[in-house]
Amino acid sequence: MAAALAGLGLGLSLIIAIGAQNVFVLRQGIRREHVLAVVIVCAVSDAVLIAAGIAGLGALLEVVPWLIDVVRWAGAAFLVGYGMLAARRAWRPSGALTVGEQPAGDEQAPASAPPPARLRGVLLTALALTWLNPHVYLDTVFLLGSIASTWEEQRWLFGAGAMLGSVLWFTALGFGARYLGRWLSTPRAWRWLDAGIAVVMVAIAVSLVVPR
């Protein structure tokens, strides 16, 4: 139990920091588009990475360190592209988005709302924001994997706790975001949100490639 709780605490502390993945999950939650699918993709991806770190993938990446550079530049390019799309939405909104509750029996979206994003595109974006983020490998695979090894035979309990932390966080972030709807029911609010997303994405991309 102690190992699982330690893994839960470390997993939450690593994942709660605001990043590209969290921003995307938050936006999908506010829009109420494919939230469950996004939460599942992010949580399962984290579980796979945690398991890989515990199983020893971190040692492989230490032997082939250039893989981190490849992921770093690919991730930076993707984040810049996504940030530019968000900036375009902020500069030229496609219409107002009503995120409040729909009246009972009314299944139609407001006429001014932009069409919902396709599930395939949303899932590919969620996968890219997860797997093209080098911080995921440094934190989840290297750091969490190495700490898990200190628990020896209980390392998988530690990992299970960390996986549970991911599930709890993404579920709370995705499904809890809908309560922000009343503050984001105007086009201006969404323009500010997209502008903030653009800044966060580009800032993260720069942080990936600028020498520290």
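For labels at residue 12 and residue 37 in the simple 7 Å Cα→Cβ model, what's the distance in nm? Each label point lies 7 Å from its Cα, and together they span 3.0 nm. Between residue 117 and residue 188, the modelled labels are 2.6 nm apart [label points 7 Å from Cα along Cα→Cβ]. Scanning residues 5 or more positions from residue 133 or on other chains, none has an amide H under 5 Å from its amide H, with H placed 1.01 Å from N in the peptide plane. Which residues does the label zone of residue 67 cover in region 119-143, counting backbone N under 12 Å from a point 7 Å along Cα→Cβ? Residues 137-138, 141-142 fall inside that zone.
Only the coordinates and a few stated rules stand behind these numbers; no lab work does. Keep in mind the model is a prediction, meaning the values are calculated, not measured. As a convention, Cβ positions derive from the backbone with ideal geometry for all residues, glycine included, and neighbour counts pool all protein chains shown.
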